[in-house]
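Presented below is the structure to which this report refers.
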Amino acid sequence: MKNAMEIVEKFLDAENQRDWILWADCLDEKVQYQVIGSKGIIQGKEKYVEKMKETYTELSDWNFKILTIQGDDKTVVVEFAGKGHYSGIYEGIKYDNRILTRITIGKECYTRAIKV
């Protein structure tokens, strides 16, 4: 059996590659995901996969790099930096090809959109 850090690395690599089959293979059937900045919770593997596919239509070139990963058999903390362009509607505002960067450290997430 793989350790938790290997599973998280596999999961994040699959997301960068948009390999939704491999990505979904890392998820529990009863996964719950809270969209950043939202009170809504997505429940279940199938709904989560569909949400991510939908999200990446607006972030087609989004990619991230793991900066630090630490953990044990039960808990993994990842710091990553991501960048790409966002085209879509967020909080009622339409964006076209906006540069988006994000750094995540544990549960803290810093996102910056830059107008180009």
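The values are calculated or read from the model by the stated rules, or taken from the named source; none is laboratory data. Bear in mind that the values here come from a model prediction, so they are computed numbers and not experimental data. For neighbour counting, all protein chains shown are included, and Cβ atoms are generated from backbone atoms with ideal geometry for every residue, glycine included.
Points worth noting:
- Restricting attention to segment 1-59, the residues that are assigned to a loop (DSSP other than H, G, I, E, B), under 23 Å from Asp72 (Cβ atoms) and either in contact (Cβ under 8 Å) with a residue 12 or more places away in the chain or touching a strand residue (DSSP E or B) at 6+ places or on another chain (Cβ under 8 Å) (or both) add up to 6.
- Answer residue from segment 27-54, given it is at pLDDT below 85 and within 14 Å of the chain's Cα centre (by Cα) and is farthest from Glu6 (Cα to Cα) among those: Gly37
- Residue check for Leu27: surrounded by 11 or more Cβ atoms within 10 Å (Cβ to Cβ) and closer than 25 Å to Tyr90 by Cα: no
- Matching residues, segment 60-71, being aromatic (Phe, Trp, Tyr) and not in a loop (DSSP other than H, G, I, E, B): Phe64
- Residue within segment 83-104 that is part of a loop (DSSP other than H, G, I, E, B), at pLDDT below 80 and either loosely packed, with under 14 Cβ neighbours inside 10 Å or of a type in the set (Val, Ile, Thr) (or both) present: yes
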